Amino acid sequence: MKENLHVFIDSFKEKYSKDFEYLNLQWINEYFEIEEEDIKILGNPQRYVLKQGGEIFFALEDDKVVGTAAMVHVKDKVFELSKMAVDINYQGLGIGRKLINRCIDFAKNKGTKEVFLITNDKLAPALGLYKSSGFELDEDYDDNRYERGNTKMKLLLK
């Protein structure tokens, strides 16, 4: 367990691009297969996230990127929480919670009404984090971008 962990959440900087890709490939390769949608977003986050009005956040511990999460603008007042990953050596330390809280704050500041995410029901720790952050299962599963995606959750904001 890492003692005295000081994590700072930063927004996208070009120097973090490779970390965004690496951290996501790390967990996807462990549990699933890399898919076309992954390659598209991870290979060009500026085009698929930032230029669409979204943001990518990075958890830093002593200038080392240890986690990331993207907020993808989908349509008016709707964002997708996507590509959330925490370095395997830093999991269970509250970094995912800090990232998700920053993403929710971002959505609120944008006047967002809904944040949704696509996940897989075998990722139990992630499901627990999402549920404890206010996300609820959405029975209207209508997303087919990922073979691995079998669970949709959403958070409605006031």
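Once you have the alpha carbon radius of gyration of the range 40-88, what is it after dividing by 2.2 N^0.38 Å, with N set to its residue count? Display every interim value, and only then the final one.
Details: Rg = 11.5 Å, N = 49, 2.2 N^0.38 = 9.7 Å.
Dividing the Cα radius of gyration by 2.2 N^0.38 Å gives 1.20.
Run the numbers on the chain and let me know its relative contact order in percent, using alpha-carbon pairs under 8 Å that are six or more apart. Please list the in-between numbers first.
On the way: 249 pairs, mean separation 30.7, N = 158.
Taking the mean separation of contacting Cα pairs over the length of the chain, I get 19 percent.
3J(HN,Hα) along the range 6-14: 10, 9, 10, 9, 10, 8, 3, 9, 3 Hz, from the Karplus curve 6.51 cos²θ - 1.76 cosθ + 1.60 with θ = phi - 60°, whole Hz, x for Gly and Pro. Helix content alone sets the calculated 222 nm mean residue ellipticity of the chain: runs of n ≥ 4 DSSP H residues at -39500 (n - 2.57) each, divided across all residues, give -9500 deg cm²/dmol. Rounded to the nearest 20, the size of the Cβ-charge dipole of the chain about its Cα centre is 600 debye, with Lys and Arg at +1 and Asp and Glu at -1.
Where nothing but the Cβ of Lys and Arg (+1) and of Asp and Glu (-1) is charged, how large is the charge dipole of the range 83-158 around its Cα centre, in debye to the nearest 20? Don't skip to the end; give the middle numbers.
Details: 14 positive and 11 negative charges, 87 e Å.
Result for the range 83-158 is approximately 420 debye, rounded to the nearest 20.
So how much slack lies between Asp76 and Phe8, counting 0.36 nm per residue of separation and subtracting their Cα-Cα distance, in nm? Could the numbers behind the result be given before it?
Working: separation 68, 0.36 × 68 = 24.48 nm, distance 2.92 nm.
My answer for the length gained is 21.6 nm.
To put it simply, the accessible area of the chain at a 1.4 Å probe is 46 percent carbon and sulfur. Taking 27 Å as the limit for the C-alpha separation, the pairs Lys131/Lys158; Lys13/Lys152; Lys75/Lys158; Lys64/Lys158; Lys18/Lys131 exceed it in the case of Lys13/Lys152; Lys64/Lys158; Lys18/Lys131.
Write down the accessible area per residue of the chain in Å², having rolled a 1.4 Å probe over the full set of protein chains. List each step's numbers first, then the result.
Values: 8780 Å² over 158 residues.
So the chain comes to 56 Å² accessible per residue, rounded to a whole number.
Considering every alpha-carbon pair of the chain, the percent of pairs per 5 Å bin, from zero through the bin containing the longest distance, is 1, 9, 19, 23, 23, 16, 6, 1, 0.
The values are calculated or read from the model by the stated rules, or taken from the named source; none is laboratory data. Computed from a predicted structure; not experimentally measured. FYI the Cβ positions are ideal-geometry reconstructions off the backbone, even for glycines, and counts take in every protein chain you see. All accessible areas refer to the heavy atoms of the entire protein, side chains included, with ligands and DNA or RNA removed. Shrake-Rupley method; radii C 1.70, N 1.55, O 1.52, S 1.80 Å.
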